[in-house]
Structure formats: C-alpha cells, structure tokens
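Have a look at the structure below, then the notes.
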Amino acid sequence: MKKPVLPEPQSLSPELASIVEPIKEHLDIITGRTREGKIERMDEATATTAECAAKLNQILDLLQGEA
C-alpha cells in the first residue's frame, strides 16, 4: 500500500498552494527531509549531557522555523 503524499504546490491553484506549502515544509522538517539535510545521530555511549541539550535545541529550532 502506498503512503499518501501531499501534491506539489506548483501543481495546485494559488489558493490551495498557499495552504499546502507550509504544511509540506513542516512535514519535511519533522520527517527529516529538510533542505538542511538530516540531523546527525549521536553516539549513545559517549554523548554528554551538553551535547544532548545542543542536539535537542537544534531539533527545536528546526521545528519552530528558527533554523
């Protein structure tokens, strides 16, 4: 079974595209398909608390559109 996908905004009317584009951008961020690339995984055995906090802040920045 295929996963449902949002249509490309360019193929929609301007009114629909203005709604779909922000949704698509947020989904791309959440699923890791951002323009910035994927967020690197951390080594669970050696990551410090400070590194974990920095990684969490990086994720929050992406989700909140501050990156």
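The table for this structure:
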{"quantity": "Of residues in segment 1-13 being open to solvent by 90 Å² or more (accessible area, probe 1.4 Å) and at pLDDT 80 or above, the one farthest from L63 (Cα to Cα)", "calculated": "Q10"}
{"quantity": "Hits in segment 14-48 - residues which are among the charged types (D, E, K, R), outside any helix (DSSP H, G or I) and at pLDDT below 80", "calculated": "R33, R35, E36, K38"}
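The values are calculated or read from the model by the stated rules, or taken from the named source; none is laboratory data. Since this is a predicted model, take the numbers as computed values, not measurements. Keep in mind that these areas ignore ligands, DNA and RNA; they rest on the heavy atoms of the full protein, side chains included. Shrake-Rupley method; radii C 1.70, N 1.55, O 1.52, S 1.80 Å.
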